[in-house]
Amino acid sequence: MKKRMGVVLAALLAITSVAAGCSSSTTAPQGQQSQGQTTAPKAEGEKPAVEQKIVYALSKEPEEMDPTLNVYARSSIVLQNLFRGLYKIDESGKKPVPSLAESYELDSTGTKYTFKINKNAKWSDGKPVTAQDFEYSWKRVLNPEVASGASFYLYYLKNGKAYNEKKASADDVGVKAVDDHTLQVTLENPTPYFLELLCVTAYYPVRKDVAEKEGWTKSPETYLTTGPFMLTELRPKEKYVLKKNPNYLEADKVKLETLEIVFIESSEAELAAYTNNEIQVSDNMTPEGMKQFASTPEFFSIPRIGMQYFDFNTSQKPFDDAKVRKAFSMAINREQIIKGIIQSVEKPAFGMVPYGIPDGVQKDKDYRAVAGDLFTENVDEAKKLLAEAGYPDGKGIPPITMIVMASQTDKDIAQALQSMWKQNLGVDVNIETFESKVYWDEIENGNFNIASDGWTGDYPDPMTNLDIFESVNTADDMRWSSKEYDSLLEENRKISDQAKRMENFVKAEKILVEEMPLMPLRFYEDQFLAKPNVKGVLKNYIGHTIFEYAHVE
């Protein structure tokens, strides 16, 4: 199951409204341009005597408040502020560090971890966090009866996938509580990014006595957490109120007392709320907001390991022909869309792995920089390919429908693409818009020729942006598969030779470029606004907005 673009990104950026390599996280002093920073600057000196409260906006309520079921980025933003697992992403936004675990040992095979749970780790009600909590939670994610969409995250565990597919029992899964404070984890294969995986919400614990009560996520009274904040007020469609969790393992470092998350669907309304000081942090940016704040110290921009792309329905003409798919992908101007329509600082995508993920061999460089662009825009070549497919100058091509969600930015991007394809290929494309839930139903039912989509990875390895195009994940959108592609990624799960892994990833990307079941458009950047007196707001490489380190000056 994929963290769909519409539900993943709407809360993060209106300009992307359409689940650790990272930029530098050096701190910009006040008065200095803050583009490229991961956090709002920190103040020096003692904590000021002001109300430690921040109001932050999301476009809609979280889709899922149970971390063991979550596959949505909007939900992850909230969950990442409420829960912690064995590891968390550090204050730089770049690397995993111990959280509820105090240490681990890894055996010589690289597959068996022994974690020691911090004896001071507690739930928000004061009861201790135990190794049994993790064993229960991880097996719950994989339990086929629970049917969690997040189960694939735990396929790295020994027999994790087999249990989820009813080919093994829960006892066969590679996670076991040896005692209250010792968790033994066995993986299928050595996984160099496993500590990063532990920062994903699917690996967070829930407590059995609570999680098995129906509706436990709907009330602050039953909603127990392990992170810097706890849920104290829940007003559907209006706001969630989070308070500092006094039982959090690092509560003494958390300065913020209240985080109020309000729901503002319109990006224009959110900009007005920010301008009127009704909210202090905003990451639902509009082109107007970019114009107003981009040159001020309130504006921050960092790469996120994600990409917007468009699915081609390869089961229907004319996109059952790779030449047509390549023609459509080569006949557009990505830079024009990014700068003219979206008005952002993002990079055009000429591959499928975004910037911000380190190369496995040249670790001081991004994988994308090493692999380079894998295709180019070329209108003449696009026309030639379309003619070879039997549609010279677009003549005789079947009717084409492109579907997008109903936001203004989505529609603007779609209209720009429509115009480019008409001008460059002579092809008419009809545009249909849908609200979020209906939109994904239309894709799953195959009621489209071209559809807007996107993905944000979860860990700093090219696998996180390539495994979503394996056959098991493309059945409900592109209707495309490649045994060679699948085998390259499967081999990379089993080997630790980074040179060979990077070679295989490039080969896999080249298959996608040659077959073009999707049209890459742009690699994401996260832009957000923070008031000058708000310090320490973190955007990590996954795109989550974290308030553990924030405070008000």
Original post:
In the structure displayed, which of Lys363/Lys500; Lys239/Lys347; Lys116/Lys244; Lys291/Lys422 lie more than 22 Å apart, Cα to Cα?
Top reply: Lys239/Lys347; Lys116/Lys244; Lys291/Lys422
Original post:
In whole angstrom, how far apart do the alpha carbon centroids of segment 357-435 and segment 221-271 sit?
Top reply: 40 Å
**OP:** Report the antiparallel proportion of the DSSP beta bridges in the chain as a percent, rounded to a multiple of 5.
**Re:** 80 percent
Subject >> Dipole of the chain, positive direction: furthest Cα of Tyr153, Pro358, Ala121, with charges on the beta-carbon >> reply: Ala121
Subject >> Candidate aspartates and glutamates for bridging to Lys218, where Cα separation is under 20 Å - those fewer than 8 sequence places away on the same chain excluded >> reply: Glu61, Glu63, Glu64, Asp66, Asp125, Asp209, Glu233, Glu238, Glu260
Subject >> Among beta bridges that DSSP assigns inside segment 303-525, antiparallel share in %, nearest 5 >> reply: 65 percent
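Quick one: of Lys339/Lys411; Lys317/Lys395; Lys127/Lys213; Lys139/Lys166; Lys507/Lys539, which pairs are farther than 22 Å apart, Cα to Cα?
Those over the limit are Lys507/Lys539.
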Subject >> Neighbour cut-off at most 11 other Cβ (10 Å), DSSP loop, trypsin sites (Lys or Arg not before Pro), segment 355-455 >> reply: Lys363, Lys395
**OP:** Could you go through segment 471-479 in sequence order and give the Karplus-derived ³J(HN,Hα) for each residue, using 6.51 cos²θ - 1.76 cosθ + 1.60 with θ = phi - 60°, rounded to whole Hz, and x for Gly and Pro?
**Re:** 4, 5, 9, 9, 5, 9, 9, 6, 6
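Need one number: convex hull volume per residue for segment 303-525, Cα atoms only, in Å³.
Taking only Cα atoms, segment 303-525 has a hull volume of 112 Å³ per residue.
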Original post:
Given charges of +1 on the Cβ of Lys and Arg and -1 on the Cβ of Asp and Glu, with all other atoms neutral, how large is the dipole of the chain about its Cα centre, in debye to the nearest 20?
Top reply: 520 debye
**OP:** Treating cross-link reach as a plain straight distance, find the aspartates and glutamates whose alpha-carbon is under 14 Å from the alpha-carbon of Lys112, omitting any fewer than eight places away in the same chain.
**Re:** Glu188
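A short reminder: the numbers here are calculations on the coordinates, not readings from a lab. Quantities reported herein were computed from a predicted structural model and do not represent experimental measurements. Using ideal geometry, Cβ is built from the backbone for each residue, glycine included, and neighbour counts are taken over all protein chains shown.
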